[in-house]
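*Asks:* Submitted below is the structure of interest, expressed as structure tokens.
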Amino acid sequence: MFRPLKILLSAPKQLQTRCCSGFVSRMRYLNRLKEDDEACAAALQNGRIFLFHRLSPLLQSTERKAFRPAELTCTELQSMLDRLGSDRNLVKESVLIGCREENQAQFCLDVGDLDQKAVEEECKGKFIDLRKSFFLLRDAEAPLVAKGQALLRWHQTSGFCSATGQPTHRNQSGSQRVCSSSGIVYYPKMAPVVIAVVTDGKRCLLGRQASFPPGLYSALAGFCDMGETLEETLRREMAEEVGLEVQSISYSSSQHWPFPHSSFMVGCHATVSSAHTQLQVDHTELEDVRWFSLEEVTAALKIRTPPRRGDAPPVWFPPKHALANRLINEWAEHQRRKEEKE
């Protein structure tokens with residue numbers, strides 16, 4: 001996140017102005033759509049809509065055998081709904097998720113009440129589980145699809161006020177919901193999570209939960225408790241889950257992660273003493289935790305797609321769009337430079 005910002009700030013003043021103006025323009029446009037229902041409804045008529053079916057995004061294959069999210073115009077979607085015998089007003093339930101550089105608004109819509117196969121045939125695509133989609137999408141597309149799923153899930157689970165039990169109603173953009181009785185306003189929320197690659201100076205520590213696919217290892221993570229700082233969360237989690245005491249922590253980057261119900265991942269690197277690396281794993285939380293050498297990590301990073309069912313499961317890591325993958329790559333690069341100097 002910070003590297004592109006540094007490049008922008010060091011660019012010529014004229015270039016800075018053009019780049020900043022485009023970004024500021026888009027952000028102000030999006031903000032206006034969130035606050036003005038009529039403007040948002042008008043933008044929907046000329047926007048692009050990403051489809052989901054029970055929270056799985058619709059993907060289309062390209063000529064280069066890659067995948068991209070399927071996009072429909074409002075007119076195309078209404079025509080499809082007419083052909084499938086559905087109410088074309090379903091389009092109005094679309095949720096605003098972003099806009100392109102030319103201020104063309106982007107929306108998402110879950111058509112879970114429609115026949116999945118019929119929609120796939122109409123759009124010449126396939127609804128694919130979001131976790132699998134992350135292995136198929138490009139860097140710029142995966143976060144947008146993740147945001148769409150997270151917002152759709154929030155609306156599906158926030159139909160009633162937690163204080164009064166009365167129904168809540170969304171605004172046109174889907175950026176908030178309001179209790180019909182008390183007027184309490186609800187906004188989408190993310191749960192803060194610290195995720196870290198821990199090192200003893202030569203190896204890195206990675207683990208897996210029982211729910212992970214065979215062979216998948218990732219960085220260790222934990223939710224922040226009420227009142228904790230990020231540093232306190234990381235130290236507590238390492239003590240609880242693997243019995244290690246963290247000595248130092250450095251921040252790397254952050255990421256929205258739609259699982260399990262929209263998390264805000266804060267990525268860190270942490271070190272422990274090389275003299276105290278014996279693990280005491282809490283197996284109620286983790287199925288396995290291991291120290292990995294640079295050679296093992298380098299080999300696993302070369303695996304870009306999940307192993308097929310029935311194959312001997314090698315060690316492999318989360319997709320490149322995941323913060324865990326970025327942290328593991330950062331550790332490997334740092335360790336490689338360190339060993340070259342030695």
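The values are calculated or read from the model by the stated rules, or taken from the named source; none is laboratory data. Here the structure is a predicted model, which means the values were calculated and not measured. Cβ: placed from backbone, ideal geometry, glycine included. Neighbour counts: every protein chain shown.
*Asks:* I'd like to know if the range 158-173 contains one or more residues that are in contact with a Ser or Thr (Cβ under 8 Å, 6 or more places away or on another chain), at pLDDT below 95 and aromatic (Phe, Trp, Tyr).
*Replies:* No, every residue in the range 158-173 fails to be in contact with a Ser or Thr (Cβ under 8 Å, 6 or more places away or on another chain), at pLDDT below 95 and aromatic (Phe, Trp, Tyr).
*Asks:* Kindly check whether there is at least one residue in the range 277-289 that is outside any loop (DSSP other than H, G, I, E, B) and surrounded by fewer than 15 Cβ atoms within 10 Å (Cβ to Cβ).
*Replies:* yes
*Asks:* Let me ask something additional. Does the range 327-336 hold any residues that are surrounded by fewer than 19 Cβ atoms within 10 Å (Cβ to Cβ) and either under 21 Å from the mean Cα position of the chain (by Cα) or of a type in the set (Val, Ile, Thr) (or both), and which are they?
*Replies:* Once the filter is applied, which keeps residues that are surrounded by fewer than 19 Cβ atoms within 10 Å (Cβ to Cβ) and either under 21 Å from the mean Cα position of the chain (by Cα) or of a type in the set (Val, Ile, Thr) (or both), the range 327-336 yields Asn329, Glu330.
*Asks:* Output the residues belonging to the range 282-296 that are closer than 25 Å to Thr229 by Cβ and in contact (Cβ under 8 Å) with a residue 60 or more places away in the chain.
*Replies:* Listed by number, the residues that qualify are Glu285, Leu286, Val289.
*Asks:* Quick one: Pro143 ticks every box in (1) surrounded by 15 or more Cβ atoms within 10 Å (Cβ to Cβ); (2) outside any helix (DSSP H, G or I) except a single one, so which number is it?
*Replies:* So Pro143 meets the others, but not (2).
*Asks:* Here is a further query. Within the range 96-127, track down each residue that is crowded, with 20+ Cβ neighbours inside 10 Å and over 17 Å from Glu76 (Cα atoms).
*Replies:* Those that are crowded, with 20+ Cβ neighbours inside 10 Å and over 17 Å from Glu76 (Cα atoms): Leu96, Ile97, Cys99, Phe127.
*Asks:* Given (1) in a loop (DSSP other than H, G, I, E, B); (2) within 22 Å of Ala322 (Cα to Cα), identify the lone condition not met by Arg131.
*Replies:* Checking Arg131 against (1) in a loop (DSSP other than H, G, I, E, B); (2) within 22 Å of Ala322 (Cα to Cα), the one that fails is (1).
*Asks:* Among the listed residues Thr271, Thr229, which satisfies the condition of being among the β-branched types (Val, Ile, Thr) and either loosely packed, with under 14 Cβ neighbours inside 10 Å or at pLDDT below 95 (or both)?
*Replies:* Going through Thr271, Thr229 in turn, the sole match is Thr229.
*Asks:* Turning to a different aspect of this structure: Please work out which residue is farthest from the chain's Cα centre (by Cα), limiting yourself to the range 51-77 and to residues that are part of a strand (DSSP E or B) and more than 13 Å from Ile128 (Cα to Cα).
*Replies:* Thr73
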